[in-house]
Amino acid sequence: MDASYEIEPDEIEILIVEDSPTQAERLRRLIQSVRYKARVAGNGQLALDAIRERKPHLVLSDIVMPEMDGYELCRAIKSDEALRDIPVILVTSLTDPKDIIKGIECGADNFIRKPYAEDYLLNRIGHMLVNQKLRRNQNMEVGIALYLGDQKHFINAERQQILDLLISTYEQAVQVNSELQARERQVIELNMRLAHHAGELETINREIALKNLELAEASRMKSAFIANMSHELRTPLNAIIGFTGALLMKLPGPLTGEQDKQLNTIRNSARHLLSLINDILDVAKIEAGKVTLTVEPIQCQSLVAEVADTLRPLAQQKGLALEVELAPQPVTLDTDRRALTQILINLANNAIKFTEKGTVRLSLSQRAEAGGVVTEFAVADSGAGIREEDQAKLFQAFSQLDSTSTRHAEGAGLGLYLCQNLANLLGGALFFSSDFGHGSTFTLALKSRN
């Protein structure tokens, strides 16, 4: 470039016209970074006042502003003979061809598209400052009439201005095209990734379908096993219990003291084993959805009394008092007798098992609740109680609390888990309260509509 067109940055002042303080400060710092001086005006009217006070070497203006926009500011500058030589760069989105026509009509010298690259903006400013000197020797104008859409526009501008605008527009179009190509490559890459993930997902779905078939077969085999074991395990145990009972009744003949003791041990062990097998089979049936409820009217006072009578001998063996508290008014529920009885027997049996001295109490009560009546079966004991840290796992399958006072108690840890599942089947809730060292209370609540 000819030395006569070289520019000393310290001698250049640029007026920034921007209503956003954040954007204005960003532009000011950018321009000052290459040693240009910078002033800021918040809108077109303030900019025009600042220009008339002191002419800048270049105006960099946003288009959308209050009071006076960038087009109006540019038109005012170019229509003033004293100011028209100031280059004006408009910052725009260039989303419509009319933007270019409006820029040419108002006399704009260049466009910068938002968002812009900082190095490109500085390069444009440098070119405009150089072209400013060239224009002083090429002040020939040309008039052009053209149609855009259904509107006629008459352009009366310098050739250099039109050339600069066309070049800047072309450069912006090239930049936009490059960005679009980059985004197209990103879309292609994303589509390839999606296709890969879709293939992986299809493989996973096939594996899941295969696992589902395997689970269905395992469930079928489990159901068949339960049906077989129900017969194969219970039948011989019942026979052992029956024959042991006959021997203890001395039907075949008299027994020695030692024989009587050993037969009682055999019978108790067989009963315990049968109880464990029953629990396991009942849990398996519930989890497999094989339990069928038989709903019928149940007189609750009678049922609680029957449960107490069944377990009273066990309580007496441990020297425990088994008390019963029943609601004074008759209580009848439509529910499944076997499931309700099993819950109460399990709860009462646990209470006796974990109580060394004192009392086990079975109670029946009713209370009104919104939309119905709640019948509560409670089993309270004066036993060891449950530690707070153990309470969360109380209703888990095969969970046994390792407490010093209860470690000797037998069982598979299925009793409370089974009770909770049966309570859910009956549409009720099973909950408890416990004071470690002083006992626990387990309550089954069944709600009936009015």
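The values are calculated or read from the model by the stated rules, or taken from the named source; none is laboratory data. Everything numeric in this text was worked out from a predicted model, so none of it was measured. Counting neighbours? That spans all protein chains shown, and the Cβs are built from the backbone with ideal geometry, glycine included. Keep in mind that these areas ignore ligands, DNA and RNA; they rest on the heavy atoms of the full protein, side chains included. Shrake-Rupley method; radii C 1.70, N 1.55, O 1.52, S 1.80 Å.
Can you tell me the length gained on complete extension of the stretch R234 to K447, counting 0.36 nm per residue apart and subtracting the Cα distance?
73.2 nm
How large is the translational diffusion coefficient of region 177-306 in µm² per second when you combine the Kirkwood radius over alpha carbon pairs with Stokes-Einstein at 25 °C and 0.890 mPa s?
Details: Rh = 21.4 Å.
Once the numbers are plugged in, D ends up at 115 µm²/s.
Using the heavy atoms of the protein chains alone and a 1.4 angstrom probe, what is the accessible area of region 19-119 per residue in square angstrom?
48
Using a 7 Å offset from the Cα along the Cα-to-Cβ direction at both Q181 and E53, what is the distance between the two label points in nm, to one decimal?
4.7
Do me a favour and compute the ellipsoid semi-axes for region 20-118 from its Cα gyration tensor, root of five times each eigenvalue, largest one first, whole Å. Mind showing how you got there, number by number?
Values: eigenvalues 72, 63, 31 Å².
Semi-axes from the Cα gyration tensor: 19, 18, 12 Å.
Among 12-24, 339-351, how do they line up from the highest to the lowest mean number of other beta-carbon atoms within 10 Å?
In descending order of packing, they fall as 339-351, 12-24.
For region 315-365, what is the accessible area per residue in Å², given a 1.4 Å probe and the full set of protein chains?
For region 315-365, the per-residue accessible area is 49 Å².
Computed over the Cα atoms of region 315-383, what is the ratio Rg over Rh, Rh following Kirkwood?
Radius of gyration relative to Kirkwood radius: 1.03.
Report the Cα-based extents of region 236-316 along its three principal axes, largest first, to the nearest Å.
So the extents along the principal axes, rounded to whole Å, are 48, 32, 21.
When only DSSP loop residues count, what trypsin sites (Lys or Arg not before Pro) in region 54-91 have their Cβ near at most 10 other Cβ atoms within 10 Å?
Counting only loop positions with at most 10 other Cβ atoms within 10 Å, the trypsin sites (Lys or Arg not before Pro) in region 54-91 are R54.
Given N residues in region 238-383, what is Rg(Cα) / (2.2 N^0.38 Å)?
Details: Rg = 18.6 Å, N = 146, 2.2 N^0.38 = 14.6 Å.
The value comes to 1.27.
If we count every other residue with Cβ under 10 angstrom of L83's Cβ, Lys/Arg +1 and Asp/Glu -1, where does the sum land? Intermediate values should be presented prior to the final figure.
Working: positive: R52, K55, K78, R84; negative: D80, E81, D85.
Its environment carries a net charge of +1.
Using a cut-off of 10 Å between beta-carbons, work out the net charge of the residues near R361 (Lys and Arg +1, Asp and Glu -1, R361 not included). Walk me through the numbers before you get to the answer.
On the way: positive: none; negative: E323, E325, D381.
With Lys, Arg at +1 and Asp, Glu at -1, the neighbours total -3.
Is there a quick way to get the dipole size of region 180-320? I mean about its Cα centre, with the Cβ of Lys and Arg at +1 and of Asp and Glu at -1; what is the value in debye to the nearest 20?
Using only the charged Cβ atoms, the result is roughly 280 debye.
Below 25 Å, Cα to Cα, which lysines can K222 reach? Residues fewer than 8 away in the same chain don't count.
Filter leaves K211, K285, K290.
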